[in-house]
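First comes the structure, then the notes that go with it.
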Number of protein chains: 2
Amino acid sequence: MDFVVIGGDAAGMSAASRAKRNRPDLNVTVLEKTGDVSYSACGMPYNIAEPDMDIEDLVVRHAQVFRDKQGINLLTGHCAEELSPGDKTVSGRTSEGKVFHLSYDKLLIATGASPVMPDIPGTELPGVIPLKTLDDGRKIKAFIKDRRVRRVVLIGMGYIALEMCEALRAMDIQADMVKSRPTFLPWMNADMAEVIREELESNGVVLHPGHALERIEASDDGLKLICPDLTLDADMILPAMGVTPNSELAANAGIITGIGNSIAVDTGLRTSDENVFAAGDCADAVHVVTGEKTWIPLALRANRGGWAVADNVCGKDVRVHGTVGTAVFKVFDLQVARAGLNAAEATKAGFDPAEVMIRSRSRAHAHPGASKIWVQMVGDKKTGCLLGVQMLGKEGVAHRINAAAVALHARMTVEQFSQSDMAYAPPFGPVWDPLLTAANQLLKKI
Amino acid sequence: MDFVVIGGDAAGMSAASRAKRNRPDLNVTVLEKTGDVSYSACGMPYNIAEPDMDIEDLVVRHAQVFRDKQGINLLTGHCAEELSPGDKTVSGRTSEGKVFHLSYDKLLIATGASPVMPDIPGTELPGVIPLKTLDDGRKIKAFIKDRRVRRVVLIGMGYIALEMCEALRAMDIQADMVKSRPTFLPWMNADMAEVIREELESNGVVLHPGHALERIEASDDGLKLICPDLTLDADMILPAMGVTPNSELAANAGIITGIGNSIAVDTGLRTSDENVFAAGDCADAVHVVTGEKTWIPLALRANRGGWAVADNVCGKDVRVHGTVGTAVFKVFDLQVARAGLNAAEATKAGFDPAEVMIRSRSRAHAHPGASKIWVQMVGDKKTGCLLGVQMLGKEGVAHRINAAAVALHARMTVEQFSQSDMAYAPPFGPVWDPLLTAANQLLKKI
């Protein structure tokens, strides 16, 4: 049986490896348009921050290992361009321009997502580089070094932009962030977003929300980002406005796409074509809290989806559970985490949300070294169910959020969650864990 | 209505405060035999470690505040000695020897637990001091300072003993630990216990398991702990062999006691007498995983129980959910945590356990500063349910355990837990959270 995988990143290589492990007799071919497979994309900002580290350190497993040790027919530099579900073939072109055709019995589309580029003139200029692929990281790292970059403008204020700010400031590079929408982190509790803004500003990042982008121009000594009421000089401009799923190949082949143009899959990662699976950042998922389809491109889901596809290709019937949108990121000394819905999302999904925001401490009463922890929690007045949590603090946030994530998976009520037996020792938190304090307060409102 | 509380620590003061908040017209009297109420007992080792900190810093709220601001009739130096459920009275004696009698409509027994003392001659000698009450902490701190203590022997190797070791070593005091049972941390996975043992030894703690205790003697320059095959010299000896519930008062009044001699309560914290509640370290609880009664004296449960009693005294019908035995402690640079059952406990409770132990990392591939994380996980082959987790590592353990605790509360299967959407960012863990890696491995065995 021929199992063909389009895309050699998290979902694709997880699927290929596991399929070959499950059934060594399987012919597994991976088509990857770049030269890179299996690398830690999320590690790029941290690698870029360290001039002494090599970007190649992020490669988890080299292409040759997949070929030699795992028996995977891994074809790098192979861009899939057309899919014919009728005769079960994929065709495309290599980086040398050679056309190829491949037939499959089962296909996985794991084409990932691409950075959203601002729709303004000048994005093709040298020094305008988004951060998505390892090659982007390579280019950014080289550009910073070769051009002695001192000023960077970041377009967008999402996770990647915030992580890149920290990397740039670590190299003492000036960082300006600009975006057209007026609200900084609109999905976040406003008081908590303000704490993050202060953290950025105290680390020398300059924020410019609410500026429509007009164009990028080359200047005498670099680039200019021009807005109607603002001009920012830069040596490099990083568009970091989020990503969009690479679903054209599937859509052009008549495969159904859905939310945010992602490829619609069932819980077995099957698309509308019985022989075609999709997984990773190009595919949608079910949100456990809303029960509706969602598109949240994150690494864990890509890996998990790849495994499930491999098992299903090999004749099992593995189902992935939904997502609750758990995410964490670091902004200088702050840990920022979320899981589930905020109040606006909850209202939109048909809930009747109540919310609280509490401040607690990262260590016990009188324990030295404590810092503040903020928790925002949302519950449903109709059912009493926990709907979402946001957290913020210098310590004890990144892993605490998982307790809320598990509670969301279990569809716990706020009351049930408030009764959880959580760990206590003075160096690690107060007797009432900040999550429990938030739940206790929220209970009074629902 | 007269609500009388025996014991002014976590459960007692939580109940008294909340009852008065619920119903300001209530007459709330607290009988506390010592002079201290409302302090962070768990913070004592950390306070003792810092000669510059005052032990009184651990007081969360002073007795006078409870009296003046909250209107609680708080009687310190009042030791309850006899309970007559028939005529609803408590009698006792003050620290000045004055007899008192009090009648109640509703009573809460929150007498806590007492340290287990070794049953050997010499425990009454000066310098043999257990660590339980704030006054014990005061004595230990003063003794260390006044006698210029350089050598301490700890009897027992449980949480408190381990925390005290770290405190003593921070003051460059020699620490020897001795216990009669041969196995260090018998409840823990043996490989993981060995990591803790190495951490202790590399910090200069000397362990002597498997030595029967014979007697303590005064010596020319301090004390001697004598075992048949070992004699340890010390300036101070700390018995830290665990605690036993203070249930005599209840038992003598005919109130039913159960597991480990703790007072038997229902989920509303009611004892076998309809007007008497019990909460905190003197009371039992239901273990969520086994469904059986258990006795696990920990601070969060005491506070939660106190609140529930207050609500029930005021006419509500609040039920506390069970415990899953979540605990965390710090041993020098290690965080050690557990929730639920180990394999032996699971077998004893009638499960058919499978277990795995995995090693993972605290940060992502190629992220600097990563350290090892160990996870041991137990599941039931019959039902597929998650039964317990133990974790160990230098970072990322203390709060991760709560995700397992919530899963145990929700009675999740290992498969469901393995599908949890956990947070990922390179500074905080690998893509597959160590808990998920353990769950994935355990799934292969059940």
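Structure notes:
- For the range B:288-318, filtered to residues that are more than 9 Å from chain A (Cβ to nearest Cβ) and of a type in the set (K, R), the residue that is nearest to A:T437 (Cα to Cα) is B:K316.
- Candidate set: the range B:336-352, residues that are touching a Leu at 6+ places or on another chain (Cβ under 7 Å) and open to solvent by 30 Å² or more (accessible area, probe 1.4 Å); chosen: the one nearest to the other protein chains (Cβ to nearest Cβ): B:A349
- Top-ranked residue of the range A:59-71 - restricted to ones that are modelled with pLDDT of 95 or more and touching a helix residue (DSSP H, G or I) at 6+ places or on another chain (Cβ under 8 Å), ranked as nearest to the other protein chains (Cβ to nearest Cβ): A:F66
- Positions within the range A:405-417 being more than 8 Å from chain B (Cβ to nearest Cβ) and under 20 Å from B:A398 (Cβ atoms), in sequence order: none
- The range B:428-446 - residue that is part of a loop (DSSP other than H, G, I, E, B) and surrounded by fewer than 24 Cβ atoms within 10 Å (Cβ to Cβ) and, of those, nearest to the other protein chains (Cβ to nearest Cβ): B:W432
- Residue within the range A:38-55 that is open to solvent by less than 60 Å² (accessible area, probe 1.4 Å), in contact with a strand residue (DSSP E or B) (Cβ under 7 Å, 6 or more places away or on another chain), within 14 Å of chain B (Cβ to nearest Cβ) and part of a loop (DSSP other than H, G, I, E, B) present: yes
- So A:K330, is it surrounded by fewer than 23 Cβ atoms within 10 Å (Cβ to Cβ) and either within 11 Å of another protein chain (Cβ to nearest Cβ) or acidic (D, E) (or both): yes
- Those residues of the range A:72-85 which are over 22 Å from A:L134 (Cα atoms) and either at pLDDT below 95 or open to solvent by less than 40 Å² (accessible area, probe 1.4 Å) (or both), in sequence order: A:L83, A:S84, A:P85
One line per residue, one yes/no per condition, for (1) open to solvent by 60 Å² or more (accessible area, probe 1.4 Å); (2) within 21 Å of the chain's Cα centre (by Cα):
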{"residue": "A:P239", "(1), (2)": "no, yes"}
{"residue": "A:P245", "(1), (2)": "no, yes"}
{"residue": "A:S272", "(1), (2)": "yes, no"}
{"residue": "A:A279", "(1), (2)": "no, yes"}
{"residue": "A:K293", "(1), (2)": "yes, yes"}
{"residue": "A:P297", "(1), (2)": "no, yes"}
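- Qualifying position, being at negative phi, β-branched (V, I, T), within 11 Å of another protein chain (Cβ to nearest Cβ) and in contact with a Ser or Thr (Cβ under 7 Å, 6 or more places away or on another chain), among B:T267, B:T323, B:T257: B:T323
- Residue satisfying all of: in the range A:175-193; assigned to a strand (DSSP E or B) and in contact with a helix residue (DSSP H, G or I) (Cβ under 8 Å, 6 or more places away or on another chain); farthest from A:L207 (Cα to Cα) among these: A:A175
- The range B:390-421, subset under 15 Å from A:V406 (Cα atoms) and β-branched (V, I, T), residue surrounded by the most Cβ atoms within 10 Å (Cβ to Cβ): B:V406
- Test: residue in the range A:313-324 that is in a strand (DSSP E or B) and touching a residue at least 12 places away in the same chain (Cβ under 8 Å): yes
- Only one of B:R67, B:R21 that is open to solvent by 20 Å² or more (accessible area, probe 1.4 Å) and more than 22 Å from B:A278 (Cβ to Cβ): B:R67
- Options A:A337, A:A310, A:A285: the member that is at pLDDT 95 or above, aliphatic (A, V, I, L, M) and under 30 Å from A:S202 (Cβ atoms): A:A337
- In the range A:146-155, the condition of being open to solvent by less than 40 Å² (accessible area, probe 1.4 Å) and over 17 Å from A:A240 (Cα atoms) is met by at least one residue.
- Residue match in the range A:220-230 (condition: aliphatic (A, V, I, L, M) and out of contact with any strand residue (DSSP E or B) (no Cβ under 8 Å at 6 or more places or on another chain)): no
- Options B:V397, B:V375, B:V356: the member that is modelled with pLDDT of 95 or more, within 14 Å of chain A (Cβ to nearest Cβ) and outside any loop (DSSP other than H, G, I, E, B): B:V375
- Test result for A:S362, open to solvent by 10 Å² or more (accessible area, probe 1.4 Å) and small (G, A, S): no
- For the range A:106-124, a residue qualifies if it is more than 26 Å from the chain's Cα centre (by Cα) and surrounded by 15 or more Cβ atoms within 10 Å (Cβ to Cβ), and the qualifying residues are A:K106, A:G122.
- All positions within the range B:411-427 that are assigned to a loop (DSSP other than H, G, I, E, B) and either of a type outside the set (G, A, S) or touching a strand residue (DSSP E or B) at 6+ places or on another chain (Cβ under 9 Å) (or both): B:R411, B:M412, B:Q419, B:D421, B:M422, B:A423, B:Y424, B:A425, B:P426, B:P427
- Condition check for B:S103: open to solvent by 30 Å² or more (accessible area, probe 1.4 Å) and either in contact with a Pro (Cβ under 9 Å, 6 or more places away or on another chain) or among the β-branched types (V, I, T) (or both): no
- Meets criteria (of a type in the set (S, T, Y) and surrounded by 16 or more Cβ atoms within 10 Å (Cβ to Cβ)) for B:T267: no
- Any strands (runs of 3 or more DSSP E) falling wholly within the range A:222-277 and containing at least 3 residues that are at pLDDT below 95 and of a type in the set (A, V, I, L, M): none
The values are calculated or read from the model by the stated rules, or taken from the named source; none is laboratory data. Being a predicted model, the structure only gives us computed values, none of them experimental. Cβ coordinates were reconstructed from backbone atoms using ideal geometry, including for glycine residues, and neighbour counts include every protein chain displayed. Please note that ligands, DNA and RNA were not included when accessible areas were found on the heavy atoms of the full protein model with its side chains. Shrake-Rupley method; radii C 1.70, N 1.55, O 1.52, S 1.80 Å.
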